[in-house]
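A short worksheet on the structure shown next.
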Amino acid sequence: PTNQVAFVVDRPAEGGAVERQLRSARWGLVPSWAKDPKIGSRMINARWENASEKPAFRSAFAKRRCLIPADGYFEWYAPTPAEGAAKPRKQPYFIHRADGADLALAGLYEFWRPTPDDQWLVTVTVLTTASAGPLAPIHDRMPVVIDRAGYREWLDPAGRVDPGFEGLLAPSLLTAYPVSTAVNSVRNNSADLLVPIPAEPPPEEPT
């Protein structure tokens, strides 16, 4: 959060064509009406279920949708403590596509500047939804992941993106493995954070 991340948009090009562009923005959406950009640190995620209605995200959902490329993402599993036991430590997991392909997270982007004479600040947020499939036992929320077949419709402001949107990646294509708790600190930022560690496998999905 608050770091620069890459995001992808479709933009009109000459002759009526569409050009796909890779851009950079700060992670943590700052609404155009915000008085202080610090609000972005609380806007790193937006709920898929109501982003189109929330004042902070409504305009971006209607006009400025994007894709945020990622190898995967981290999530933390918190076991339910046994009665009388100490609170267990959360175990981080790295979640990614089982086939090794990249993810395209559904995002929104926005422009903000304090005065007309200042430069624009470009910011993004990641849309999340209820977890499903093998990821559900790890955490109750997950990023909205767009399947390649759904890229164009998601990036098109006129595209259909209601809860019935069919361009989502099937959660069954994702898998997870435990990683070191070193990922808990923002001071740590290396490939070692992706190394699997010996630990209990993710809990089974509730029946």
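The residues of the stretch 129-149 that are surrounded by fewer than 17 Cβ atoms within 10 Å (Cβ to Cβ) and in contact with a helix residue (DSSP H, G or I) (Cβ under 7 Å, 6 or more places away or on another chain), listed by number, are ALA132, GLY133.
For (1) acidic (Asp, Glu); (2) modelled with pLDDT of 95 or more; (3) touching a helix residue (DSSP H, G or I) at 6+ places or on another chain (Cβ under 8 Å), each residue gets a yes or a no:
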site: GLN4; (1), (2), (3): no, yes, no
site: ARG11; (1), (2), (3): no, no, no
site: GLU14; (1), (2), (3): yes, no, no
site: LEU22; (1), (2), (3): no, yes, no
site: ALA25; (1), (2), (3): no, yes, no
site: MET43; (1), (2), (3): no, yes, no
site: ARG47; (1), (2), (3): no, yes, no
site: ALA60; (1), (2), (3): no, yes, no
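For (1) of a type in the set (A, V, I, L, M); (2) free of Cβ contacts under 8 Å to residues at least 24 places away in the same chain; (3) farther than 30 Å from PRO198 by Cα, each residue gets a yes or a no:
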| site | (1), (2), (3) |
| --- | --- |
| TYR77 | no, no, no |
| HIS96 | no, no, no |
| LEU105 | yes, no, no |
| GLU110 | no, no, yes |
| VAL144 | yes, no, no |
| ALA149 | yes, yes, yes |
| ARG160 | no, yes, yes |
| ALA170 | yes, no, no |
| ASN184 | no, no, no |
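Being of a type outside the set (Val, Ile, Thr) and touching a Lys or Arg at 6+ places or on another chain (Cβ under 9 Å) is a property that PHE74 lacks.
Residues considered: ALA25, ALA6. Of these, the only one that is crowded, with 16+ Cβ neighbours inside 10 Å and in contact (Cβ under 8 Å) with a residue 40 or more places away in the chain is ALA25.
Taking the criterion of being open to solvent by 40 Å² or more (accessible area, probe 1.4 Å), aliphatic (A, V, I, L, M) and assigned to a loop (DSSP other than H, G, I, E, B), the residues of the stretch 150-200 that qualify are ALA158, ALA170, VAL186, VAL195, ILE197, ALA199.
VAL126 passes every criterion in (1) open to solvent by 50 Å² or more (accessible area, probe 1.4 Å); (2) modelled with pLDDT of 95 or more apart from (1). Looking at this structure, is GLU75 of a type in the set (Asp, Glu), in contact with a Pro (Cβ under 8 Å, 6 or more places away or on another chain), surrounded by 14 or more Cβ atoms within 10 Å (Cβ to Cβ) and under 30 Å from LEU173 (Cα atoms)? Yes, satisfied.
Condition first: open to solvent by 40 Å² or more (accessible area, probe 1.4 Å), part of a strand (DSSP E or B) and within 29 Å of PRO31 (Cβ to Cβ). Can you find one or more residues in the stretch 102-113 that meet it? Let's see the steps before the verdict.
Of all residues in the stretch 102-113, those open to solvent by 40 Å² or more (accessible area, probe 1.4 Å) come to 102, 111, 113.
Right, trim to part of a strand (DSSP E or B) and you get 111.
Next, only the ones that are within 29 Å of PRO31 (Cβ to Cβ) stay: 111.
Yes, there is a match, as at least one residue in the stretch 102-113 is open to solvent by 40 Å² or more (accessible area, probe 1.4 Å), part of a strand (DSSP E or B) and within 29 Å of PRO31 (Cβ to Cβ).
Restricting attention to the stretch 130-137, does a residue exist that is closer than 22 Å to ALA46 by Cβ, at pLDDT below 90 and part of a loop (DSSP other than H, G, I, E, B)? Looking for residues that are closer than 22 Å to ALA46 by Cβ, at pLDDT below 90 and part of a loop (DSSP other than H, G, I, E, B), one finds at least one in the stretch 130-137, hence yes. Hey, any hits in the stretch 145-168 for a residue that's modelled with pLDDT under 90 and more than 24 Å from CYS66 (Cβ to Cβ)? No, the stretch 145-168 has no match at all.
The values are calculated or read from the model by the stated rules, or taken from the named source; none is laboratory data. Small disclaimer: the values here were computed from a predicted structure and weren't measured. Glycine also receives a Cβ, built like all others from the backbone with ideal geometry; neighbour counts cover every protein chain displayed. Heavy atoms of the whole protein, side chains included, go into the accessibility calculation; ligands, DNA and RNA do not. Shrake-Rupley method; radii C 1.70, N 1.55, O 1.52, S 1.80 Å.
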